[in-house]
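Notes follow the structure.
No value in this document is a laboratory result; all are computed from the given coordinates. Owing to the predicted nature of the structure, the values given are computational and were not obtained by experimental measurement.
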Amino acid sequence: MSPFVVTAADRKSPGQNGDSGVLTETRAKTQRPPLYKVLMLNDDYTPMEFVVHVLEHCFGMSHDTAVQVMLTVHQKGVAVVGVFTYEIAETKVTQVMDLARRNQHPLQCTMEKE
Ligand code: TYC
């Protein structure tokens, strides 16, 4: 018998019609993918303006947000700059590391499972 369809027979007390009386919900549960934090690490040499540019360009931050996040990394040593699915996080890390290398800055960016 399909779930949620209640017939006259179902309304009798459980057992009378061989039915348990329990309606089983068969709604499909949507699965959320695992998420990964992208972390930016401080160093002594990468110029502040370069980090701000990276945060604007790779993470879509406004200039003011990028400055705030850069200063957090500068002061605390590390900060989460975004949370993404595995493939997107990996792409962001690659983009940042490529930009840093091409500009000869030691900026480091990593990812870790949330
Ligand atoms: N500490 C760097 C400086 O004083 C700036 C900096 C900020 C570097 C954030 C990396 O992820 C970083 N020039």
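First check a/c for segment 55-112, with a ≥ b ≥ c the square roots of the eigenvalues of its C-alpha gyration tensor; if it is under 1.5, answer rounded, and if not, answer prolate when a/b is larger than b/c or oblate otherwise. Walk me through the numbers before you get to the answer.
Values: a/c = 1.43, a/b = 1.16, b/c = 1.23.
Note, shape of segment 55-112 comes out rounded.
With no solvent and one equal point scatterer placed on each C-alpha of segment 31-81, evaluate the Debye formula and give log10 I(q)/I(0) for q = 0.16, 0.28, 0.31 Å⁻¹, two decimals.
Once normalised to I(0) and log-transformed, intensities are -0.44, -1.09, -1.27.
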